Amino acid sequence: MAIFEYAPAPESRDIADIKPSYGLFIDGEFTEGSGTPFKTVNPATEETLAEVATATSDDVDRAVRAARKAFGAWSALPGVERAKYLFRIARIIQERSRELAVLESLDNGKPIRESRDVDLPLVA
């Protein structure tokens, strides 16, 4: 029996929630890709992390049509309003930076320090 119960390390894999599969995000919703999915693998352990959908040219065409449709409303917003959205996205990335750094390290095999101290601050 352990004398002390330790909490997981801040960069523990336990904080990263990885779903078994991920689809394409097109026109505001996740959809299945028409292409052959691929497995993303942790290079350190060769563990499959998730299966990721791939897009065919038809999927890309749907995504481009959706983006063009959304661009009209987006570009009509004043710059200060668009900035609010972009700053909110950056804030969410900062709030979840530990989890995202763990995921980046698992997916790429890079040291957590690089993901945490370089990659995520640059993304945000």
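The values are calculated or read from the model by the stated rules, or taken from the named source; none is laboratory data. Keep in mind that what you see is a predicted model, and the values were worked out from it rather than measured. So basically every Cβ, Gly included, is an ideal-geometry build from the backbone, and we count neighbours across all protein chains shown. Note: areas computed on protein heavy atoms with side chains; ligands, DNA, RNA excluded. Shrake-Rupley method; radii C 1.70, N 1.55, O 1.52, S 1.80 Å.
Considering only residues that are under 27 Å from Glu46 (Cβ atoms), assigned to a helix (DSSP H, G or I) and open to solvent by 90 Å² or more (accessible area, probe 1.4 Å), which ones fall in the range 84-119?
Answer for the range 84-119, where residues must be under 27 Å from Glu46 (Cβ atoms), assigned to a helix (DSSP H, G or I) and open to solvent by 90 Å² or more (accessible area, probe 1.4 Å): Arg98, Arg113.
Of all residues being farther than 18 Å from Asp107 by Cβ and touching a Lys or Arg at 6+ places or on another chain (Cβ under 8 Å) in the range 14-56, which is most open to solvent (accessible area, probe 1.4 Å)? Just the residue, please.
Asp27
Look through Thr36, Thr40, Thr56, Thr31 and report the one residue that is hydroxyl-bearing (Ser, Thr, Tyr) and under 22 Å from Leu120 (Cβ atoms).
Being hydroxyl-bearing (Ser, Thr, Tyr) and under 22 Å from Leu120 (Cβ atoms) holds for just one of Thr36, Thr40, Thr56, Thr31, which is Thr40.
With (1) of a type in the set (Gly, Ala, Ser); (2) open to solvent by 70 Å² or more (accessible area, probe 1.4 Å); (3) within 18 Å of the chain's Cα centre (by Cα) as the list, and Ala124 as the residue in question, which single condition is left unmet?
Condition (2) is where Ala124 drops out.
Within the range 61-80, does at least one residue satisfy the condition of being closer than 20 Å to Ser21 by Cβ, over 13 Å from the mean Cα position of the chain (by Cα) and modelled with pLDDT of 95 or more?
Yes, the range 61-80 contains at least one residue that is closer than 20 Å to Ser21 by Cβ, over 13 Å from the mean Cα position of the chain (by Cα) and modelled with pLDDT of 95 or more.
Residue pairs, Cβ under 8 Å, 6 or more apart or interchain, first in the range 25-45 and among the hydrophobic types (A, V, I, L, M, F, W, C), second open to solvent by 60 Å² or more (accessible area, probe 1.4 Å). List them.
Partner pairs satisfying both residue conditions: Ile26/Arg62; Phe30/Tyr22; Phe38/Glu51; Val41/Glu47; Val41/Thr48.
Among the residues of the range 1-54 satisfying the criterion of being among the charged types (D, E, K, R) and part of a strand (DSSP E or B), which is nearest to Ala66 (Cα to Cα)?
This residue is Glu29.
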